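K.L.:
If you scroll down you'll find the structure; I have some questions about it.
Please treat every number below as a calculation from the coordinates, not as lab data. Quick caveat, the model's predicted, so the values are computed rather than measured. Please note: Cβ atoms are built from the backbone with ideal geometry, for glycine as well, and neighbour counts cover all protein chains shown.
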Amino acid sequence: MTDLRALAESHLGITLEGDFSKEVILTDPDGDIQTVRGQVLYDRTAQNPMTGQDQVLNEPVVTLRISTLTRVPEKRERWLIQMPVSPVVGAPLGDFVLDGGRAAEGGASIGYIRLYPKKAKQL
Amino acid sequence: MMLFRQVKRSITDKVLGPSEDGRYRTIGYQNQTEDAESSLDNERSVQVFWSDFNAPKNASALQGPFKHNVTYNIELSAAKATELDLEVLNSMSATPEDKAEALYGFQEAAELADESFDELVDIIFQVIMDARNIDLGMPKGVVASRWLSQAKKDDPVPAGEFALLTGSMTLTCSFSEEAGGDPGVEGAASINTVVDIADDDVEKTGVEVTTTE
């Protein structure tokens with residue numbers, strides 16, 4: 001019998017790490033660096049909780065394949081995420097952080113994690 | 001122009017605007033939308049608009065002047081990015097321990113935005129309630145009962161690449177409005193009634209009448 005979960009996870013190599021993917025450099029709370037490829041979306045639609053109106057948010061969403069990570073971000077951990085600031089080819093890398101303000105989401109049963117990085121500035 | 005419009009303009013141009021000193025940005029109308037980046041750091045925005053016009057009917061209501069109470073909303077917004085030592089994190093010579101320390105020491109955007117918003121409320125309250133601004137920039141005796149009756153902070157916006165905080169302050173005051181009647185709009189300046197007849201070089205048959213209002 002085909003293991004559909006394993007099949008779906010193997011497809012992440014195409015859907016998340018394929019031709020549309022971007023290079024993402026992760027620095028974990030111990031200062032160790034890992035470079036992976038993943039899906040980076042720069043804006044998304046959401047519903048304004050105050051008015052109910054649809055709105056477009058400038059909020060990058062990074063989706064990574066868990067099996068390619070040497071360490072997976074946990075709740076409240078502080079990570080540095082460096083990735084292109086726009087989808088344009090040759091765009092410079094920007095500095096973002098996971099600051100614990102918003103929990104990561106994911107399809108743990110499928111094998112991906114979705115991160116919501118925030119912009120970072122020099123202290 | 002009625003006083004409620006003049007006072008709004010005066011709050012923007014003569015009270016809040018001159019006190020900015022690079023600490024915030026005053027907008028004299030109700031903006032439709034504004035993204036977090038436009039309120040980042042000291043670009044904190046302050047929007048002023050009237051929201052309530054309350055003129056109870058009384059003995060002088062037929063011809064005026066009639067006293068009324070006006071409520072102005074002062075909408076505030078502040079946004080911040082997370083701050084950390086990026087020089088260390090981007091340094092080729094920094095050790096993992098150095099980078100871990102830099103990550104441990106960062107200041108969360110939500111905390112910075114909260115502090116920034118509180119500071120903005122502090123500034124605006126002090127500017128509006130300053131004894132020198134008791135007339136809200138209008139000639140003495142026009143505005144009465146200036147009072148900041150409420151300050152409110154909304155919940156943090158749980159989305160976007162910056163931490164954004166919004167809120168509002170309620171400013172009430174009263175003044176006497178005149179009902180002088182609608183002056184209408186200006187008519188055309190002149191009416192040209194020249195009759196243009198072909199081959200009549202000097203327009204001998206024409207009549208020109210010019211009127212000015």
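K.L.:
Which one, B:Glu75, B:Glu177, B:Glu101, has the greatest fluctuation when you compute a Gaussian network model over chain B with C-alpha springs under 10 angstrom?
P.N.:
B:Glu101
K.L.:
Okay, next question. Which one of B:Ser116, B:Asn69, B:Tyr24 has its Cα pushed farthest toward the positive end of the charge dipole of the protein assembly as shown, where Lys and Arg give +1 and Asp and Glu give -1 at the Cβ?
P.N.:
Going by the Cα projections, it comes out as B:Asn69.
K.L.:
Running a GNM on chain B with Cα contacts under 10 Å, which residue among B:Gly64, B:Gly184, B:Gly105 ends up with the highest mean-square fluctuation?
P.N.:
Among B:Gly64, B:Gly184, B:Gly105, the largest mean-square fluctuation in the Gaussian network model of chain B belongs to B:Gly184.
K.L.:
Over the Cα atoms of the protein assembly as shown, Rg to Rh with Kirkwood Rh, two decimal places?
P.N.:
1.22
K.L.:
Then there's this: Below 22 Å, Cα to Cα, which lysines can B:Lys14 reach? Residues fewer than 8 away in the same chain don't count.
P.N.:
Excluding near neighbours in sequence, the set is B:Lys140.
K.L.:
What shape does region B:3-210 have by the C-alpha gyration tensor, where a ≥ b ≥ c are the square roots of the eigenvalues, rounded means a/c under 1.5, and otherwise prolate means a/b greater than b/c and oblate the rest?
P.N.:
Verdict is oblate for region B:3-210.
K.L.:
Specify whether the C-alpha gyration tensor of region A:71-116 places it in the rounded, prolate or oblate class, a ≥ b ≥ c being the square roots of the eigenvalues: rounded for a/c under 1.5, otherwise prolate if a/b is larger than b/c and oblate if not.
P.N.:
Oblate, because a/c is 1.5 or more while a/b does not exceed b/c.
K.L.:
Same structure, new question: To make sure I understand the rule: partners must be aspartates and glutamates, Cα under 16 Å from the Cα of B:Lys8, and not fewer than 8 residues away in the same chain. Which ones qualify?
P.N.:
B:Asp52, B:Glu75, B:Asp135, B:Glu177
K.L.:
Could you tell me the relative contact order of chain B? Use alpha-carbon pairs under 8 Å, at least six residues apart, and round to a whole percent.
P.N.:
Relative contact order here is 22 percent.
K.L.:
What net charge do the residues around B:Val88 carry, taking every other residue with its C-beta under 11 Å from that of B:Val88, with Lys and Arg at +1 and Asp and Glu at -1?
P.N.:
Local net charge: -4.
K.L.:
Please identify, among A:Gln82, A:Gln39, A:Gln47, the residue showing maximal mean-square fluctuation in a Gaussian network model of chain A using a 10 angstrom Cα cutoff.
P.N.:
Checking each option, the largest mean-square fluctuation is seen for A:Gln47.
K.L.:
Would you order A:Tyr116, B:Tyr104 from fewest to most other beta-carbon atoms within 10 Å of each residue's own beta-carbon?
P.N.:
Ascending Cβ contact count within 10 Å gives the list B:Tyr104, A:Tyr116.
K.L.:
Okay, moving on. What lysines could a cross-link reach from A:Lys75, if we take a straight Cα to Cα line under 29 Å and drop same-chain neighbours fewer than 8 places away?
P.N.:
A:Lys22, A:Lys118, A:Lys119, A:Lys121, B:Lys80, B:Lys99, B:Lys153
K.L.:
Let a ≥ b ≥ c be the square roots of the eigenvalues of the Cα gyration tensor of region B:1-72; is it rounded (a/c under 1.5), or, if not, prolate (a/b larger than b/c) or oblate?
P.N.:
prolate
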